[in-house]
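The values are calculated or read from the model by the stated rules, or taken from the named source; none is laboratory data. Predicted model only: the values in this text are computed from it and were never measured. Please note: Cβ atoms are built from the backbone with ideal geometry, for glycine as well, and neighbour counts cover all protein chains shown. Accessible surface areas use protein heavy atoms only, side chains included; no ligands, DNA or RNA. Shrake-Rupley method; radii C 1.70, N 1.55, O 1.52, S 1.80 Å.
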Amino acid sequence: YFANGSGAGSVMGDWTVTEGSVDLFGIDDATSPLGGRIIDLDGNSPGAIRQTLTTEVGRHYQIIFNMGGEYSSDEPIKDIRVSAGGTSQDFSLSQPPNWNWLDKSDFSPLSMTFIADASSTELTFKSLENLASASGAYLADIRVVEIPPAISVILNNDSTLSYDAATGKFYRVSSTATDWIAANSVSQTSLLNGVAGNL
C-alpha cells in the first residue's frame with residue numbers, strides 16, 4: 001500500500017497510508033499474538049498510517065499495540081513514532097535473542113496515553129527507519145481504550161502516576177531508591193486511595 005495510491009492503493013480498512021509505503025501480511029503468511037493481521041511500516045520505504053478516531057474532549061485514552069520487527073538486515077533496532085491528540089511518543093525495539101521472522105513471541109506489548117483535545121483525533125503510526133531500509137517495524141493488535149472518568153480524575157490530580165488499561169493498574173516511577181530493598185519499601189508505603197503499592 002502506497003501513500004500515493006499506486007499498487008494496492010492507500011486505504012487498508014480504517015487506515016490510510018500517509019507516507020511512503022507499508023506491507024499488510026496476509027492471514028496465511030502470519031498472524032499477530034492476538035490472531036490478527038500484521039503491518040510492516042516499511043514497505044518499499046519508511047511509511048506512516050493514520051486513522052481518525054471519535055473522541056470526547058478532555059477524556060483520557062490509551063493506545064495499546066504489539067510491536068515487532070524485520071531484523072534480517074543490518075539494523076538491530078526498530079523505531080516508530082505514535083501520535084494522537086497533540087501527544088507524540090517514540091518507541092524503539094531491539095532485536096530479541098533467537099529472533100525468528102514473524103514469531104509471535106518476538107512481539108512486545110506497548111502503550112501510550114493521550115488526552116483528547118477535539119471530538120475527532122488523528123492517530124498516526126510512523127516509521128523512523130533509515131530511508132535506505134525496507135526492513136521496518138511490525139505493528140499488530142492496535143486497540144484504543146477509553147479510560148474511565150474516575151481514573152481520569154486520579155490521573156489529573158497526580159501527575160506522577162500513569163495508568164495501563166491493559167493491566168488495569170496505576171504505575172509510579174520511584175527515582176529515590178538506590179537498591180531493590182529501598183525500592184520495595186517505597187512502593188509498599190506509597191498509597192493510592194488507601195491501597196499500598198507493589199514493586
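Quick notes on this one:
- Qualifying residue in the range 180-196 (condition: open to solvent by 30 Å² or more (accessible area, probe 1.4 Å) and under 17 Å from residue 65 (Cα atoms)): no
- Of residues in the range 67-95 being out of contact with any Ser or Thr (no Cβ under 8 Å at 6 or more places or on another chain) and assigned to a loop (DSSP other than H, G, I, E, B), the one nearest to residue 152 (Cα to Cα): 86
- Restricting 29, 14 to residues that are under 16 Å from residue 139 (Cβ atoms), surrounded by fewer than 16 Cβ atoms within 10 Å (Cβ to Cβ) and without any contact (Cβ under 8 Å) to a residue 60 or more places away in the chain narrows the list to 14.
- For the range 154-199, the set of residues classified as farther than 25 Å from residue 109 by Cβ and not hydrophobic (A, V, I, L, M, F, W, C) consists of 156, 157, 176, 178, 179, 185, 188, 189, 193, 194, listed by residue number.
- Scanning the range 159-192 for residues that are of a type in the set (Ser, Thr, Tyr), over 28 Å from the mean Cα position of the chain (by Cα) and not in a loop (DSSP other than H, G, I, E, B) gives 185, 189.
- Scanning the range 2-11 turns up at least one residue that is crowded, with 16+ Cβ neighbours inside 10 Å, part of a strand (DSSP E or B) and over 20 Å from the mean Cα position of the chain (by Cα).
- Hits in the range 96-123 (condition: crowded, with 17+ Cβ neighbours inside 10 Å and part of a strand (DSSP E or B)): 110, 111, 112, 113, 114, 115, 121, 123
- Top-ranked residue in the range 49-69 [being buried (at least 22 other Cβ atoms within 10 Å of the Cβ) and small (Gly, Ala, Ser); ranked as nearest to the chain's Cα centre (by Cα)]: 68
- Cβ pairs under 9 Å, 6+ apart, first in the range 139-166 and over 19 Å from residue 83 (Cβ atoms) and in contact (Cβ under 8 Å) with a residue 60 or more places away in the chain, second surrounded by 15 or more Cβ atoms within 10 Å (Cβ to Cβ) and among the charged types (D, E, K, R): 149/59; 152/59
- One residue alone among 78, 169 is charged (D, E, K, R), farther than 22 Å from residue 27 by Cα and open to solvent by less than 70 Å² (accessible area, probe 1.4 Å), and that residue is 78.
- Filter result for residue 153 (part of a strand (DSSP E or B) and either open to solvent by 50 Å² or more (accessible area, probe 1.4 Å) or of a type in the set (A, V, I, L, M, F, W, C) (or both)): no
- Of all the criteria given as (1) aromatic (Phe, Trp, Tyr); (2) closer than 14 Å to residue 31 by Cα; (3) modelled with pLDDT of 95 or more, the one not satisfied by residue 101 is (3).
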